[in-house]
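Report on the structure given below.
Read the figures in this text as sums done on the coordinates, not as results from a lab. Computed from a prediction, not measured in an experiment: that's the story for all the values here. Cβ: placed from backbone, ideal geometry, glycine included. Neighbour counts: every protein chain shown.
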2 protein chains.
Amino acid sequence: MRIDYPPAIQRLVAQLKSLPGLGPRSAERLMIWLLQRSDERIPLLSNTLLEVKELIIPCEDCGFFIESGSSCLLCHDPRRHRQQLCVVEQAADVLRMERSGAFQGLYHVLGGRLSPLDNVTPEDLRIESLLSRARDLHTEEVIIALGSDVEGEATASYIADLLRPAGIAVTRLAQGMPAGGGLDHVDELTLYQALHGRRKMG
Amino acid sequence: MRIDYPPAIQRLVAQLKSLPGLGPRSAERLMIWLLQRSDERIPLLSNTLLEVKELIIPCEDCGFFIESGSSCLLCHDPRRHRQQLCVVEQAADVLRMERSGAFQGLYHVLGGRLSPLDNVTPEDLRIESLLSRARDLHTEEVIIALGSDVEGEATASYIADLLRPAGIAVTRLAQGMPAGGGLDHVDELTLYQALHGRRKMG
């Protein structure tokens, strides 16, 4: 008979293993570590996970995270420039831009980028709402802040082609960013410089 | 005003960051990944964490994980050699020994190793119960399967000194293990060889 952990532990290890960045060994180490805490760490983590799942929704306008029932601090800040719209791939990119301090306009989270191989089509992204928002806000400039890999470039071109006919200037971050890298791989200064060196598309 | 994630997300990232092996960036990436799943992954993980916390206890005898209310498969297996007791640092080490296939006796999980710098004293480990168990089981041989770093060596010597007066043979894994490494750094074959080359202490 092959000895293994009790089923509940096996389920936990399997679920931890399926998380990004955790392999079989680190999942097992994490489980042991969690089980050795006699404090309230496990119930706390369990509760916070549920809380996030229940409480957090994307802002209908920009797509950044908000607590349901509350309004978006970014979209409703009267000091932000409402004629500039910065398109990012995911919500975490909004904070990266904010930390660089270089941008004072509004954001639009796409929720991904076009990737035919992964079956990500324009309908899967928040592109339709980007167009209607740019129209409603009388946006003068859309700044595309996507990574400069193949899929980022393709997504940027696709969006630029849709926006240009509406007379909206479409710019993109300067190529100060490392080739093939996304926003999660650059430091704040590089991001700052990339924003200021942005150039008009097409 | 500095923009940040909603409080619930900040709490989740802080808790993820405090887990071993997760830095600030991987914690944030994990949070984003979890939030992007629309499936039941978060409630499932949350629930499994609680389940493990509520259901899993250490076996009173060997210290391996069991579900509360059920009996230990290792301690109650009649085919195992009851005269051999293998001392390991933590529950995960029991499975590592089992996977090597080299050992058929009983286990004893210490729950750590002596470390004056971290305030781990003999009272913090399951040493008292090791002595009474060895007496009750009429153990002939105690095999010490701890890592060969300084703290592992010190713990091994301490235990050997307590057991030898009772006429119990104390052996330890052969030095096939890498210097300074614990059981989580060796492959199954090395562990197998190390067990078979074990030598008597003192």
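Across all directions of projection, what mean area in square nanometres is found for the Cα convex hull of the protein assembly as shown?
24.1 nm²
Calculate how steeply helix B:7-17 sits against the longest principal axis of the alpha-carbon atoms of chain B, using the helix alpha-carbon long axis, and give the answer as 0 to 90 degrees to the nearest 10.
Value to nearest ten degrees: 30.
For A:Ile144, which sequence-distant residues (separation of 5 or more, or a different chain) have an amide H within less than 5 Å of its own amide H, given hydrogens modelled in the peptide plane?
A:Val87, A:Thr171, A:Arg172, A:Leu173
Convert each backbone phi in region A:56-68 into a coupling constant with the Karplus relation 6.51 cos²θ - 1.76 cosθ + 1.60 (shift: θ = phi - 60°), then list the ³J(HN,Hα) values in order as whole Hz, x for Gly and Pro.
3J(HN,Hα) across region A:56-68, in whole Hz: 8, 10, x, 4, 4, 8, 8, x, 6, 6, 9, 7, 4.
Which whole-Hz ³J(HN,Hα) couplings does region B:96-111 yield from phi under the Karplus relation 6.51 cos²θ - 1.76 cosθ + 1.60, θ = phi - 60°, glycine and proline marked x?
Result, rounded to whole Hz: 4, 4, 4, 5, 6, x, 8, 10, 10, x, 9, 10, 9, 8, 6, x.
How do B:140-147, B:35-42 rank on mean C-beta neighbours within 10 Å, highest first?
So the peptides B:140-147, B:35-42, ranked by packing, come out B:140-147, B:35-42.
May I ask for the angle, rounded to the nearest 10°, between helix A:150-163 and the longest principal axis of chain A, with both axes built from Cα atoms and the value confined to 0 to 90°?
It is inclined by approximately 40 degrees.
Distance between Cα centroids, region B:121-150 to region B:102-118: provide it in whole Å.
Between the Cα centre of region B:121-150 and that of region B:102-118, the gap is 7 Å.
With only alpha-carbon atoms counted, please give the Rg and Dmax of region B:94-149, in Å.
Radius of gyration, then largest Cα-Cα span, for region B:94-149: 12.8, 35 Å.
Give the separation of the Cα centroids, region B:1-33 to region B:44-100, in Å.
Taking the Cα centre of region B:44-100 as reference, the centre of region B:1-33 is 32 Å away.
Could you pull out every residue, at least 5 positions away or on a different chain, whose amide H is within less than 5 Å of the one on B:Leu22? Hs are placed 1.01 Å off N in the peptide plane, and Pro or chain starts have none.
Residues meeting the criterion, in which the H sits 1.01 Å from N, do not exist here.
What average number of partner chain Cβ atoms lie no more than 10 Å from the Cβ of the residues making up B:90-101?
That works out to 3 on average.
Two-decimal Rg/Rh of region A:7-56 from alpha-carbon positions, Kirkwood Rh?
So for region A:7-56, dividing Rg by the Kirkwood Rh gives 1.00.
Show that you can apply the helix-only estimate: for the protein assembly as shown, add -39,500 (n - 2.57) for every DSSP H stretch of four or more residues, divide by all residues, and state [θ] at 222 nm to the nearest 500.
Computed ellipticity for the protein assembly as shown at 222 nm equals -12500 deg cm²/dmol.
Chain A: which residue's Cβ hugs the A-to-B rotation axis most tightly, distance rounded to whole Å?
Residue nearest the A-to-B axis, with distance in whole Å: A:Ser46, 2.
Can you put B:Glu98, A:Glu89 in order, fewest other beta carbons within 10 Å first?
Ranked by crowding around the Cβ, least crowded first: B:Glu98, A:Glu89.
Based only on Cα atoms, what Rg/Rh ratio does chain A have, Rh being taken as Kirkwood's radius?
Result: Rg/Rh = 1.07.
If you count, for every residue in B:15-28, the Cβ atoms of partner chains within 10 Å of its Cβ, what is the mean?
4
For region A:83-88, take each phi angle, set θ = phi - 60°, evaluate the Karplus expression 6.51 cos²θ - 1.76 cosθ + 1.60, and give the result in whole Hz per residue in order, putting x for glycine and proline.
9, 10, 10, 9, 8, 10
List the residues whose amide H sits under 5 Å from the amide H of B:Tyr107, counting only those 5 or more places along or on another chain, with H placed 1.01 Å from N in the peptide plane.
Residues meeting the amide H criterion: B:Cys86.
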